[in-house]
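The values are calculated or read from the model by the stated rules, or taken from the named source; none is laboratory data. Note that the structure is a prediction, hence the values are computed from the model and not measured. No Cβ is skipped: glycine too gets one built from the backbone with ideal geometry, and neighbour counts run over all protein chains shown.
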Amino acid sequence: MDAGFIDEHGHVYVMARDDDVINVAGHRLSTAALEDVVLSHPDIGDAAVIGVPEPTKGEIPLCLFIMKQGVNKINNLNKEWDKRRYHYKRVV
């Protein structure tokens, strides 16, 4: 579980993490390692990965990210990730 708050403008602030590892179908995944992969994209400014409950796998990773200022090509990200994802180990 993470600790944080939502301010009066609706902005979410994550202040601390209880655990930096999520368990996906028996595999322990580092949220920091997943964030590093996402942050390696030149158009991503910041990212956070959290575990979301999933009935068959226990948890699955959910990545929240912010594009860098001035970048407006969110639709092209899926194609770019498809090209890049094979450089990383598939664990699930």
State all residues of segment 25-72 that are in contact with an Asp or Glu (Cβ under 9 Å, 6 or more places away or on another chain), in contact (Cβ under 8 Å) with a residue 24 or more places away in the chain and polar (S, T, N, Q); if no residue qualifies, say none. Thr31
Scope segment 38-72; condition among the charged types (D, E, K, R), assigned to a loop (DSSP other than H, G, I, E, B) and surrounded by 12 or more Cβ atoms within 10 Å (Cβ to Cβ); matching residues: Asp43, Lys57
State yes or no: is Leu34 modelled with pLDDT of 85 or more, surrounded by 14 or more Cβ atoms within 10 Å (Cβ to Cβ) and not in a strand (DSSP E or B)? yes
Return the total of residues in segment 1-31 being closer than 16 Å to Phe65 by Cα and either at pLDDT below 85 or basic (Lys, Arg) (or both). 3
